[in-house]
Amino acid sequence: MIHTSLRNVSYSDGEISYLLEQKNVKNLNLRIHKDGRIFVSASFAVPLEEIDAFVISKAPYIRSAQRQFTQMAQYAPRPKQYVSGETFYILGHGLRLKVNQGPQNKITSDGVFLFLQVKDAADMQAKRRIVTKYLNQQCLEVFHEIITEIYPAFQKYGIAMPILRIRDMDTRWGSCLSKKGIITLNKRLLEMPRDCIEYVVTHEFCHFIHPNHSKQFYEFLNMLMPDWQSRKKRLDLYIVHGL
């Protein structure tokens, strides 16, 4: 049984509205959708006053996340048209697309241009499919290479080589399923400089040792990558500037 209700709490900069789901869960959970909506799940046994207090305690985080989502939406990349002149980024470098009509569908790159040859230059779906397949393959190759390079630093802690998965993610660069040995990376990471990708991969590897963002987690991350904060700032700047 699930009961939903819309609740409001007062904070210093105004009201915070959230959708409460009361159901059979052990912990209070809060998540923020990319459109800024707030969702909370809680057990029926938790008093409403305690849930409201929990939301208020998370208000600085909520406001920060909402601002970030607004900013990301403002600089979100426009949908590609797959026409000559468009730019696709790989490892921080822009590759200009050149589309030609030819006897077969294929795509190549010389490090400056992406050469897309299609049987029908007006076939948007075919162009999107070819480019997407190419970029997904680049993701697999680049991410696997970086994971392989970083892995030895964690192998001595008894961590097995993780399974790599790639996917489109709206709110995270990566995630880690420590019990299943899986690291999932956002496809858009391919657009970022290599050192930024190395930071995200190292961050996720650290979760195999410390599953949460505890003090011990950051101490461990600092030990393995002392400059992680500057890498993270660069990653954030690329998003702000709409790469």
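State all residues of the range 18-36 that are under 24 Å from Thr171 (Cα atoms) and surrounded by 13 or more Cβ atoms within 10 Å (Cβ to Cβ); if no residue qualifies, say none. Tyr18, Leu19, Leu20, Glu21, Val25, Leu28, Leu30, Ile32, His33, Lys34, Gly36 - these are the residues of the range 18-36 that are under 24 Å from Thr171 (Cα atoms) and surrounded by 13 or more Cβ atoms within 10 Å (Cβ to Cβ).
Of all the listed residues (Leu97, Leu19), the sole one being aliphatic (A, V, I, L, M), within 17 Å of Leu135 (Cβ to Cβ) and in contact with a Leu (Cβ under 7 Å, 6 or more places away or on another chain) is Leu97. In summary, Phe220 fulfils each of the numbered conditions (1) under 19 Å from the mean Cα position of the chain (by Cα); (2) assigned to a helix (DSSP H, G or I); (3) hydrophobic (A, V, I, L, M, F, W, C); (4) over 29 Å from Thr87 (Cα atoms) with the single exception of condition (1). Taken over the range 154-168, the criterion of being over 20 Å from Ile90 (Cβ atoms) and surrounded by 15 or more Cβ atoms within 10 Å (Cβ to Cβ) is satisfied by Phe154, Ile159, Pro162. Once the range 176-193 is narrowed to residues that are in contact (Cβ under 8 Å) with a residue 24 or more places away in the chain and in a strand (DSSP E or B), the residue that is nearest to the chain's Cα centre (by Cα) is Leu185. Among the residues of the range 150-168 satisfying the criterion of being in contact with a helix residue (DSSP H, G or I) (Cβ under 9 Å, 6 or more places away or on another chain) and part of a loop (DSSP other than H, G, I, E, B), which is modelled with the lowest pLDDT? If we take residues in the range 150-168 being in contact with a helix residue (DSSP H, G or I) (Cβ under 9 Å, 6 or more places away or on another chain) and part of a loop (DSSP other than H, G, I, E, B), then Asp168 is modelled with the lowest pLDDT. For the range 72-92, the condition of being surrounded by fewer than 16 Cβ atoms within 10 Å (Cβ to Cβ), at pLDDT 95 or above, basic (Lys, Arg) and more than 26 Å from Ile2 (Cα to Cα) holds for none of the residues. Of the candidates Pro152, Pro162, the single residue that is assigned by TED's automatic domain parsing to the domain that holds Cys196 and more than 30 Å from Arg31 (Cα to Cα) is Pro152.
Scanning the range 89-134 for residues that are in contact with a Ser or Thr (Cβ under 9 Å, 6 or more places away or on another chain) and aromatic (Phe, Trp, Tyr) yields a total of 2.
Regarding Gln104, is this residue assigned to a loop (DSSP other than H, G, I, E, B) and not assigned by TED's automatic domain parsing to the domain that holds Leu164? In short, yes. Consider Arg129 carefully, then state whether it is basic (Lys, Arg), within 18 Å of the chain's Cα centre (by Cα) and assigned to a helix (DSSP H, G or I). So Arg129 fails the test. Only one of the numbered conditions (1) surrounded by fewer than 17 Cβ atoms within 10 Å (Cβ to Cβ); (2) more than 27 Å from Gln71 (Cα to Cα); (3) touching a residue at least 24 places away in the same chain (Cβ under 8 Å) is violated by Lys215, and that is (3).
The values are calculated or read from the model by the stated rules, or taken from the named source; none is laboratory data. All figures in this text were calculated on a predicted structure; none of them were measured in a lab. We place every Cβ from the backbone using ideal geometry, glycine too, and count neighbours over all the protein chains shown.
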